[in-house]
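Trainee: Before we start, here is the structure in question, set down as structure tokens.
Please treat every number below as a calculation from the coordinates, not as lab data. Remember, predicted model here, so these are calculated numbers, not experimental data. Glycine also receives a Cβ, built like all others from the backbone with ideal geometry; neighbour counts cover every protein chain displayed.
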Amino acid sequence: NPRGSREAIIARGDLRFDSFASVAYAKKRGLPILLVKPNEVPLVTTSALNQLGTNKVTVIGGSEAVNPGLNLPPESRIGGDDRYETAVKIAEELIKLGGVDTLVITDGENPNPISVMIAAYYGAPIVYSRGGDVPSSTMDLIKKNRFKRIVFIGVSGDAMSKIKSIV
């Protein structure tokens, strides 16, 4: 199937955190993002996998986000203990692919959908603050990488100050 994708990204569809964080990674790799429920592959997703001729998937999120027992093609997984760690692990994978100079940060309790458009435009990973706090995994990523630009979307002033204090 020449129009198919032999590989796809699988993310949880009932909560948007992992799929949001996957957008730039999927775009950079030229892969579709298909959504599942934590314990179920919807018929529309199974149909898409078949139509695309997908024979390998990268699952986003830990085993609570996407149960490893689902009927999916052979998988690799990018996941952490929670949405914050998962977003950082996706960011690290995207950075390994090269060309990342921008980071998008939005609130992990209520991510702003505009962050997805900005991330896709810049090819930038999305990571999350947590209200007025910044998870250590997010802080470590920022300390380890020299981003030319950090875009804050819907991030509290307290979290923004904590991040600006280390860049």
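Trainee: Quick one: helix 43-52 against the long Cα principal axis of the chain, what's the angle to the nearest 10°, folded into 0 to 90?
Mentor: 80 degrees
Trainee: Against the longest principal axis of the chain, how steep is helix 83-97, in degrees 0 to 90 to the nearest 10, with axes from Cα atoms?
Mentor: On a 0 to 90 degree scale, this one is about 80.
Trainee: To continue, here is another question. Suppose every K and R has +1 on its Cβ and every D and E has -1 on its Cβ; what is the size of the dipole of the chain about the Cα centre, in Debye to the nearest 20?
Mentor: Here the chain has a charge dipole of around 700 debye.
Trainee: Per DSSP H run of n ≥ 4, the term is -39500 (n - 2.57); total these for the chain, divide by its residue number, and report the mean residue ellipticity at 222 nm rounded to 500 deg cm²/dmol.
Mentor: About -11500 deg cm²/dmol.
Trainee: Scaled to the compact-protein estimate 2.2 N^0.38 Å, what is the alpha-carbon radius of gyration of region 97-167, rounded to two decimal places?
Mentor: That ratio works out to 1.00.
Trainee: Now for a different question. From the cross-link list Lys27/Lys56; Lys89/Lys143; Lys96/Lys162; Lys27/Lys96; Lys28/Lys143; Lys96/Lys148, which pairs have alpha carbons spaced over 19 Å apart?
Mentor: Exceeds cut-off: Lys96/Lys162; Lys28/Lys143.
Trainee: Which Cα, out of Pro73, Ile118, Pro135, lies furthest along the positive dipole direction of region 55-167 (beta carbon charges, K/R +1, D/E -1)?
Mentor: Looking along the dipole axis, the top candidate is Ile118.
Trainee: Let me know the charge dipole size of region 1-88 about its Cα centre in debye, to the nearest 20, where only the beta-carbon of Lys, Arg (+1) and Asp, Glu (-1) is charged. Before the final figure, lay out the partial values.
Mentor: On the way: 11 positive and 9 negative charges, 100 e Å.
Taking the Cα centre of region 1-88 as origin, the dipole is about 480 debye.
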